[in-house]
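Here the structure is laid out as structure tokens; the discussion comes afterwards.
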Amino acid sequence: MNTEASLKAFDEAQIFIPGGVNSPVRAFKSVGGTPIFITEGKGAYLTDVDGNQYVDYVQSWGPLIFGHRDEAVEKAVIDAVKHGLSFGAPTLAETELAKLVVSFFDSIDKVRFVSSGTEAVMSAIRLARGFTGRDDIVKFTGCYHGHSDSLLVEAGSGAATFGNPSSPGVPADFTKHTLLAEYNNIESVKKCFNDSKDIACVIIEPIAGNMGLVPAEKEFLHELRKLCDENKTLLIFDEVMSGFRASINGAESITGVKPDILTLGKVIGGGMPVGAFGASAEIMSQLSPEGPVYQAGTLSGNPVAMAAGFAALSKLKRNMRVMAVLEARAKRLVEGMKQEALACGITMQTEVRGSMFGFFFNESPVKNFADAAASDAKLFASFHSAMLSEGYYFACSLYETGFISTAITDEIIENTIQASGRIFKEITNG
Ligand SMILES: *Cc1c(COP(=O)(O)O)cnc(C)c1O
């Protein structure tokens, strides 16, 4: 496969853009490759600057549940553009999308739109702090909630609960209010509640998609809910990724556990920059201008973005059964690849939730970040680059989740499984 034009494009991009990319994971660093530059997407496929085609299992990291250039989304965007790009004043489209979003979830009465998942989570945390009058927050190692200061805290043993910043530029003073717990380990959360009586909220990806795909156990979430209630602490479900991906009605419909605040992003923008956070009317009434907690955005609720989100979500609402179809395909894909791997003596751990799939080259089940980190990164890198040259675009990090879109047919899935079989043979013979 010729990737000359992508290599050249990457060289030039690096002169003007740090690392050549506007979001680090795109640089392919963790798989040791160089990124493919994309010119076009259509349905299940991406085309790069060298004219190569790939089946896209990344879907812009989640948003494109109907694949590239879905007709309904594309038409809605073009129609909206013709009326003006932005007004900085209320539009009917905002209420329409808000009404639609709220209709999917039992846990929220009202929602506010922002322009990214990062912003949604950052604002949700401020709201939780404002509502409770407390400062500390609990997050889980391996969960990603965007790149805002107090959430950029990750590794560290479960013993040292008070977090250290995981990036230069984040003052330790900003993260000293962030306590760390271990995913799927309720004792580690109890320890946080013992260490601090000032916990405003616990934030969790109920279906974690940023350490590979690692769903929280149902029992764990129920105990987490109980702990939060006992301590009058708010529970935030960060479903920026899993919202409308793992299930149409949120993790609450899978687990029976309701959050106090819900954050959304990715799919709700249909490919445009949209994030949102929602809660009960009581909690949301704390937000400015109704209440004292400040939050704002020049392009928040942008009419073009609202139109894209509305087109995508209303299409989902009309086709509620589509999630079962996507889930069956995701299951077939990972099961098929797992069998091919096993035939070559490679053990894979796999997981599926709705249209999300994950796999680890790991002998043992993966329940938390430490388990995920014990996976075979070298094997993943070889698998990734070999699949890419066969025309299959998988996420370029073992800590990312894969996505099925409605454009990915059963036939594409079977071809992918066969390609994986060839590659596992090559890798183990080579
Ligand atoms: C992607 C993601 C975010 C951040 O969203 P951005 O739009 O990239 O800022 C936050 N939380 C979760 C769970 C995510 O997957």
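The values are calculated or read from the model by the stated rules, or taken from the named source; none is laboratory data. Here the structure is a predicted model, which means the values were calculated and not measured. Because the Cβ atoms are built from the backbone with ideal geometry, glycine has one as well, and the counts that use them run over all protein chains shown. Areas reflect the complete protein model, heavy atoms only, side chains present, ligands, DNA and RNA absent. Shrake-Rupley method; radii C 1.70, N 1.55, O 1.52, S 1.80 Å.
Residue selection: GLY84 satisfies the criterion of being outside any helix (DSSP H, G or I), in the same structural domain as PRO303 (by TED's automatic domain parsing) and modelled with pLDDT of 95 or more.
Taking the numbered list (1) farther than 30 Å from ALA44 by Cβ; (2) open to solvent by 60 Å² or more (accessible area, probe 1.4 Å) in turn, LYS82 passes all entries but (1). Quick check: is even one residue across segment 29-36 surrounded by fewer than 19 Cβ atoms within 10 Å (Cβ to Cβ), assigned by TED's automatic domain parsing to the domain that holds LEU388, at negative phi and in a helix (DSSP H, G or I)? Yes, that holds for at least one residue. Only one entry in VAL352, VAL334 is open to solvent by 10 Å² or more (accessible area, probe 1.4 Å) and farther than 30 Å from VAL77 by Cβ, namely VAL352. Cβ-Cβ distances below 9 Å connect the following pairs, each with a first residue in segment 26-55 that is closer than 15 Å to ALA407 by Cα, a second residue that is β-branched (Val, Ile, Thr) and assigned to a helix (DSSP H, G or I), and a separation of six or more residues or different chains: ALA44/ILE412; VAL55/ILE412; VAL55/THR416.
For the condition modelled with pLDDT of 95 or more and farther than 21 Å from GLU390 by Cβ, ASP50 does not qualify.
Restricting attention to segment 137-151, report how many residues are at negative phi and in a loop (DSSP other than H, G, I, E, B). Number satisfying all stated conditions: 6. Report yes if some residue within segment 356-370 is open to solvent by 30 Å² or more (accessible area, probe 1.4 Å) and more than 29 Å from GLU239 (Cα to Cα); otherwise report no. For segment 356-370, residues open to solvent by 30 Å² or more (accessible area, probe 1.4 Å) and more than 29 Å from GLU239 (Cα to Cα): absent. Any residue at all in segment 280-288 that's among the small types (Gly, Ala, Ser) and in contact with an Asp or Glu (Cβ under 7 Å, 6 or more places away or on another chain)? Scanning segment 280-288 turns up at least one residue that is among the small types (Gly, Ala, Ser) and in contact with an Asp or Glu (Cβ under 7 Å, 6 or more places away or on another chain). If you take the residues in segment 120-139 that are surrounded by 24 or more Cβ atoms within 10 Å (Cβ to Cβ) and closer than 14 Å to ALA296 by Cα, which one is farthest from the ligand (Cβ to nearest atom)? This residue is LEU127. Residues in segment 220-233: is at least one of a type in the set (Ser, Thr, Tyr) and under 30 Å from GLY67 (Cα atoms)? For segment 220-233, residues of a type in the set (Ser, Thr, Tyr) and under 30 Å from GLY67 (Cα atoms): absent. Restricting attention to segment 51-61 and to residues that are in contact with a Gly (Cβ under 8 Å, 6 or more places away or on another chain) and part of a loop (DSSP other than H, G, I, E, B), the residue that is most open to solvent (accessible area, probe 1.4 Å) turns out to be ASN52. For segment 238-286, filtered to residues that are of a type in the set (S, T, N, Q) and under 12 Å from the mean Cα position of the chain (by Cα), the residue that is nearest to ASN319 (Cα to Cα) is SER242.
Residue check: LEU379 meets all listed conditions (1) in a helix (DSSP H, G or I); (2) in contact with a Phe, Trp or Tyr (Cβ under 7 Å, 6 or more places away or on another chain); (3) crowded, with 21+ Cβ neighbours inside 10 Å but one, namely (3). Among the criteria (1) within 24 Å of the chain's Cα centre (by Cα); (2) free of Cβ contacts under 8 Å to residues at least 12 places away in the same chain, the one LYS226 does not fulfil is (1).
Residues in segment 203-218 that are under 17 Å from ILE261 (Cβ atoms) and within 11 Å of the ligand (Cβ to nearest atom): 5 in all.
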